Amino acid sequence: MVKLGQSPGSLASAVRAAIRDGNASIVTFSAQTLADLVAQQSSASRFTGWLLSVFAATALALSVVGLYGVMSYLVAQRTREFGIRLALGASRLEIVRRVLRDGTWRVAIGAAIGLAATTGLARLLAGLVYGVGTFDISSLFAVATLVVVAIAACGIPAVRATRVDPAIALRNE
C-alpha cells in the first residue's frame, strides 16, 4: 500500500518500478485506490442492503393497500347502520366522525403494539447486527405512513357511505 497525494493513475508505473528496484521477488498485480478496493469488497453487502430496502418498500406498499382494503370493507359493512342513522336525523359529519373515531382507535392500538415490538426487536438486533440502533427513523416513518393511510382509509369510505341515500341503503338488505 502506498499513500499518495496525487492521482494514483499517474504514478502507478513509478510505484511499480520502485517496488521492483527494492525487491525483485515482489510481484505487483494491480494498482487501485483504497476507495475502489473498499467499494469492490462491499458491493455484495450494498446490493443486499438495496434488495432488502426494495423488499421493505414493497411490504410497506402492500400493507398500505391491505390496510385500506380492510378499513374500506369494515366501513362498507356498516352502510345499513349509516343509512339508519341518516334516516333518524344524524348529520353526515357525525357519521364521518364516528367512523374516524372507531378507525383511529383501532389504528392507535395497532401502532402502539407495533412501536413496542419495534423497540423490543431493535434492542435485540442492536447487539447482533452492526449499525442497527435502538432508535430507527425509517421504522418510525413507516409507522407514521401507516397511521396516516389508516386514517385516510377510514375517512374516504366514510365520506362515500354518507353519500348513499338512506332509503336505498335500507332497501338493499
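Quick look at the numbers
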item: Qualifying residue in the range 86-102 (condition: touching a residue at least 40 places away in the same chain (Cβ under 8 Å), among the acidic types (Asp, Glu) and not in a loop (DSSP other than H, G, I, E, B)); result: yes
item: Output for the range 29-68, where each listed residue is under 30 Å from Ala14 (Cα atoms) and exposed (fewer than 10 other Cβ atoms within 10 Å of the Cβ); result: Phe29, Ser30, Ala35, Gln41
item: Selected residue [under 25 Å from the mean Cα position of the chain (by Cα) and in a helix (DSSP H, G or I)] from Ala56, Ala39, Ala35; result: Ala56
item: Filtered residue count, the range 83-126, keeping only those that are in contact with a Leu (Cβ under 9 Å, 6 or more places away or on another chain) and over 18 Å from Cys154 (Cβ atoms); result: 5
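Every number in this text was worked out from the coordinates using simple rules, so none of it is lab data. Treat the numbers as computed from the prediction; the structure is a model and nothing was measured. Cβ coordinates were reconstructed from backbone atoms using ideal geometry, including for glycine residues, and neighbour counts include every protein chain displayed.
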